[in-house]
Amino acid sequence: MELTRKQKILLAALSCAAALLLIGLILWIALDRTGDPVPAEPPLPSFTAQPTPTETPTPSPSPSPAASPTPYFLPLVPDGTAEPTATASPTPVTEANAAQIRTEARIGTYDAQRKEFLAIGTQNGAAVAVLLVAVQPPAAAVTAIPAETPAPVYTLGPNAEVQRLDLAPIGTACARAVTEREGCWNLVWAVKNLTGCQPPHYLCVDLACMDAFFSFVPSLETDGGMIDAAAFSEILHASGEDRAVRFAEFGVGVVRCLSKVSLWELPAFKSATKGAFSSSLSVLELLSLMRMLKAVETFSVSVYGAAAE
């Protein structure tokens, strides 16, 4: 049956109204999902640690003096708690191996031109992939921090208060908090205290979802070759700089893969990684980041403590 002109106009009007309602609903959901920015570090409690660090002699005046990190002798135990049991051969603590808290660090950039964030991959609660990422099309830089790198790491209590400070592998920061979100905050602060740069945001993926991910994407093409489920398992069993670099290359491969994912494929991808992804970014910020990543033509990968220095 052929529609009359009036019926066609009515149908077109209803279609436009439905489209506007749908767009409005999407925007409402997106705007309602606000970000969860990383808060400032909680204050250090009063510690009863001995011996007290000696003051470093002040050098002759310099035209542009650099900010000095704050040294702490370890272990640091909050007042009112028992000292840890002494080991048979305790490691002597000196200023050379004391934790260094950076009191004046650079806060990362996150705006329309440049986006810096911390990409985290966790396994059994600890971070095995720690990647500082800076995106500024047409290029992006990835600095991989080996999870074994010693860093000043807090142990957080039930209310995200600092209970303890240790010089520990940086990857353990995620496991030293009560919740996953606060574990990500703790890793951001540990990265700041290690590198002098505090990432403004984080993206965290529980790597337990990788079996489901590889059922959606059988293999990824990276600069180091093809990575499938078996090759990814080898990365998990690696360590040190080797694992850090391979995780960085894997992350670049994931980004390049996602830039080619069609809109109708997203529900399947979401199902494959369900419950495995968390972020301090809002939905709109994530969309903006993905759009910027699609404009990246070259990725450079370096390792903290080696090529990154």
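The values are calculated or read from the model by the stated rules, or taken from the named source; none is laboratory data. Because the structure is predicted, anything quoted here is derived from the model rather than measured. Because the Cβ atoms are built from the backbone with ideal geometry, glycine has one as well, and the counts that use them run over all protein chains shown.
Listed values, structure above:
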quantity: Among residues of region 129-146, those that are in contact with a strand residue (DSSP E or B) (Cβ under 6 Å, 6 or more places away or on another chain), of a type outside the set (Ser, Thr, Tyr) and assigned to a strand (DSSP E or B), counted; calculated: 11
quantity: Candidates Ala212, Ala208, filtered to the one that is over 15 Å from the mean Cα position of the chain (by Cα), aliphatic (A, V, I, L, M), at pLDDT 85 or above and more than 15 Å from Pro146 (Cα to Cα); calculated: Ala208
quantity: Candidate set: region 136-157, residues that are touching a Leu at 6+ places or on another chain (Cβ under 6 Å) and among the β-branched types (Val, Ile, Thr); chosen: the one farthest from Trp189 (Cα to Cα); calculated: Val142
quantity: Filter result (in contact (Cβ under 8 Å) with a residue 60 or more places away in the chain, aliphatic (A, V, I, L, M) and more than 15 Å from Ala126 (Cβ to Cβ)) within region 195-213; calculated: Leu203, Ala212
quantity: All positions within region 147-192 that are without any contact (Cβ under 8 Å) to a residue 24 or more places away in the chain and touching a strand residue (DSSP E or B) at 6+ places or on another chain (Cβ under 8 Å); calculated: Pro150, Thr155, Gly157, Ala168, Pro169, Arg176, Ala177, Val178
quantity: Tabulated pairs, region 295-306, first of a type in the set (Gly, Ala, Ser), second crowded, with 16+ Cβ neighbours inside 10 Å and part of a loop (DSSP other than H, G, I, E, B), C-beta under 6 angstrom, 6+ apart or interchain; calculated: Ala295/Pro137
quantity: Looking only at region 263-293, and only at residues there that are exposed (fewer than 13 other Cβ atoms within 10 Å of the Cβ) and over 17 Å from Phe213 (Cβ atoms), the one that is modelled with the highest pLDDT; calculated: Arg291
quantity: Residue count, region 215-252 (criterion: at pLDDT below 90 and either of a type in the set (Val, Ile, Thr) or on the phi > 0 side of the Ramachandran plot (or both)); calculated: 3
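Let's see how each residue does on (1) in a strand (DSSP E or B); (2) surrounded by 20 or more Cβ atoms within 10 Å (Cβ to Cβ):
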position	(1), (2)
Asp166	yes, no
Gly183	no, yes
Lys192	no, yes
Asp211	no, no
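Condition check ((1) of a type in the set (Val, Ile, Thr); (2) surrounded by 13 or more Cβ atoms within 10 Å (Cβ to Cβ); (3) at pLDDT below 60) across all residues:
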| residue | (1), (2), (3) |
| --- | --- |
| Ser46 | no, no, no |
| Pro53 | no, yes, yes |
| Ser64 | no, no, yes |
| Ala129 | no, yes, no |
